[in-house]
Amino acid sequence: MEKVKVEHVSKSFTRSDGKGKTAVLEDVTFTVDDGEIASIIGPTGCGKSTLLRIMAGIAPPDSGRITVGGKEVVSSANPASAIVFQAFNLFPWRTAQKNIEFGLEAKGLPPAEREKAAQHFIDLVGLKGYEKYHPHELSGGMQQRVGLARALAIEPEVILLDEPFSSVDMLTRESLQHEVLQILKKTKKTAVFVTHNIDEAIFLSHRILSLGGKPATIKEVFDVDLPYPRDDGVMVSQKALTLKSDLKRALLSSPQAQPEEAGAA
Amino acid sequence: MVIQLLSYKWLVRIVSVVAFLVLWQLIGQSVDVTLFSTPILVVGAFSNLVTQTAFLTDLLTTIRDFAIGFTIAAVLGISVGIAMARWQTLEVAFDPYVSALYSTPYVALAPLFVIWLGIGLVEQLVVVILSSVFVILLNTFAGVKNMNKSYVETGRAFGFSGFKLYRKVVVPGALPYIITGLRLGIGRGFVGMIVAELLVRLDRLGFLMVYYSELLEVAPGLAIAVTLGLIGLLMTEALKKVETRLSPWRSSATGG
Ligand SMILES: Nc1ncnc2c1ncn2[C@@H]1O[C@H](COP(=O)(O)OP(=O)(O)OP(=O)(O)O)[C@@H](O)[C@H]1O
Ligand SMILES: [Mg+2]
């Protein structure tokens, strides 16, 4: 069953000199099934974050529409999806626990219920004992756990993750990937990852969409026909290696976005 | 660790105060009493002031009036500062006035306020408000403008909007700047008020201070000055406490 539908989404930005517009996304269309983990890969600057922000309802598309669980996303009020940011975006004045409760406050949950829910997700992401710490007292990996718990806490139908592991070191990255995958499976969440790491995309997803071109659209869709858990054995299987080289080709064939004249969209 | 650090800080403070008082006493003793004074004489003068004049009532009135004026200035400065950062039209419309009014020495205008408003609570409040409101406003404005854009975006992404977004995200995000503005505002407002007392109102502690100095009574003059200094110190320290409570990630921000 389709959980997320992205239909003919286009987006352009007015250039800061006011002369004309840069088209970033054009006619982006895809769906994500219930419980599916999809990854979007693409070269830097091609519009992945822009697409995710549109899906989260933070930025409106110029045209096209997004539905999550059958409901159209028009703004980020009462969000049906939750986003995990590349740069964590935690609130430095809030403790880990209060950061995790943030989305629940918007929903108007009473304090006691917020605390209970937050505690559940603190345990889930392995932050027990760090409830009262402020972000600046936590490591990058722990901060991203808070970001993840904050997103999970609002019980979203879909969780959107924008390069969630790119600001942590390689070891932390690997253990976070494992844990996040386990959490997603356990909670049966639908998830959309943005990444430009091919291995990460293969490790995590059921399906990989490659975004590219200028303006960008969905170029190719790859089914990842590999069993979970994707341990080292699976990751070096012939199937995985073939997929990897296909993805590499897809990434390389899509040139890096360059500033150039583009007609008004 | 923290406790050690605190007591270390207090140790240095106490030593510094004691050394200062001893030095003052030694120097004071060697100078003519009509020109200078000693801490012991100042303490004596203080107790005389308290027992023999309206010193305490005056002091409390001054503090009360200042508290009223400063509260109004804080509410005004913070809300207009946020509004100007939110609506560009307001920014464009108000900016020249704010910049001009910010650097106006209101104390020098106090005689005019007396002509317009007479001597009384209103004139007193106007001096305090005008002296402190603009520095609060400008710092609040800078705090909202310089705030990390991602805070607001994240607030929206998790379902906040409108007034609640301001309460939950914008105000706490700008708080280090706002507190800096309040701290500077306290200084400016309090000085403005005392100077207005000694220059135009000719009453209360400001005037009493000048009165004793002109009689060459250094000790009571200094007793009043030290009292006023201590009040300023107390207010600033209280604000610092509030700041470390509310924005622990950042002990202070700079701002004009
Ligand atoms: N608010 C904005 N105003 C103007 N242009 C923007 C804005 N946001 C993004 N862009 C432009 O849109 C393009 C896509 O940006 P986006 O951040 O979506 O790329 P990305 O694929 O996420 O890149 P990366 O992999 O480096 O994160 C860029 O060329 C960028 O300059
Ligand atoms: Mg991005």
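Couple of notes before you dig in:
- Between B:Leu59, B:Leu21, the distinction of being in contact (Cβ under 8 Å) with a residue 12 or more places away in the chain, open to solvent by less than 80 Å² (accessible area, probe 1.4 Å) and assigned by TED's automatic domain parsing to the domain that holds B:Ser132 belongs to B:Leu59 only.
- Unique residue being over 30 Å from B:Leu198 (Cα atoms), of a type in the set (Phe, Trp, Tyr) and part of a helix (DSSP H, G or I) when the list is B:Phe94, B:Phe66: B:Phe94
- Subset of segment A:59-96 (residues that are more than 13 Å from ligand 2 (Cβ to nearest atom) and of a type in the set (Val, Ile, Thr)): A:Ile66, A:Thr67, A:Val68, A:Val73, A:Val74, A:Thr95
- Residue list for segment A:23-51, filter: open to solvent by 30 Å² or more (accessible area, probe 1.4 Å) and within 16 Å of ligand 2 (Cβ to nearest atom): A:Thr44, A:Gly45, A:Ser49
- Residues satisfying the stated conditions in segment A:74-131, i.e. acidic (Asp, Glu) and within 14 Å of another protein chain (Cβ to nearest Cβ): A:Glu101, A:Glu105
- Residues of segment A:189-208 classified as within 15 Å of ligand 2 (Cβ to nearest atom) and not acidic (Asp, Glu), total: 7
- So A:Ile66, is it in contact (Cβ under 8 Å) with a residue 60 or more places away in the chain and β-branched (Val, Ile, Thr): yes
- Qualifying residue in segment A:30-44 (condition: within 22 Å of A:Thr195 (Cβ to Cβ) and within 14 Å of chain B (Cβ to nearest Cβ)): no
- Close pairs (8 angstrom Cβ cut-off, 6 or more residues apart or separate chains): closer than 24 Å to A:Ile218 by Cα in segment A:16-30, surrounded by fewer than 18 Cβ atoms within 10 Å (Cβ to Cβ) and aliphatic (A, V, I, L, M) anywhere: A:Lys21/A:Ala262; A:Lys21/A:Ala264; A:Lys21/A:Ala265; A:Thr22/A:Ala262; A:Ala23/A:Ala262; A:Ala23/A:Ala265; A:Glu26/A:Ala265; A:Phe30/A:Val221
- Test: residue in segment B:157-170 that is within 14 Å of chain A (Cβ to nearest Cβ), in contact with a strand residue (DSSP E or B) (Cβ under 8 Å, 6 or more places away or on another chain) and open to solvent by less than 40 Å² (accessible area, probe 1.4 Å): yes
- The set of residues in segment B:62-89 that are open to solvent by 50 Å² or more (accessible area, probe 1.4 Å), over 14 Å from the mean Cα position of the chain (by Cα) and not polar (S, T, N, Q) comprises B:Val75, B:Leu76, B:Arg86, B:Trp87.
- Look at (1) within 14 Å of chain A (Cβ to nearest Cβ); (2) open to solvent by less than 70 Å² (accessible area, probe 1.4 Å); (3) among the β-branched types (Val, Ile, Thr) and you find that B:Thr236 fails only one, number (1).
- Residue count for segment A:52-75, restricted to those that are more than 16 Å from ligand 1 (Cβ to nearest atom) and open to solvent by less than 20 Å² (accessible area, probe 1.4 Å): 2
- Yes/no for B:Met147 being more than 14 Å from chain A (Cβ to nearest Cβ) and either open to solvent by less than 10 Å² (accessible area, probe 1.4 Å) or free of Cβ contacts under 8 Å to residues at least 40 places away in the same chain (or both): no
- Taken together, A:Phe85, A:Phe102 contain a single residue that is among the hydrophobic types (A, V, I, L, M, F, W, C), open to solvent by 10 Å² or more (accessible area, probe 1.4 Å) and touching a residue at least 40 places away in the same chain (Cβ under 8 Å), which is A:Phe85.
The values are calculated or read from the model by the stated rules, or taken from the named source; none is laboratory data. Since we're looking at a predicted model, the values are computed, not measured. Positions of Cβ are generated from backbone atoms using ideal geometry, with glycine treated the same way; all protein chains shown enter the neighbour counts. For accessibility, only protein heavy atoms count, side chains too; no ligands or nucleic acids. Shrake-Rupley method; radii C 1.70, N 1.55, O 1.52, S 1.80 Å.
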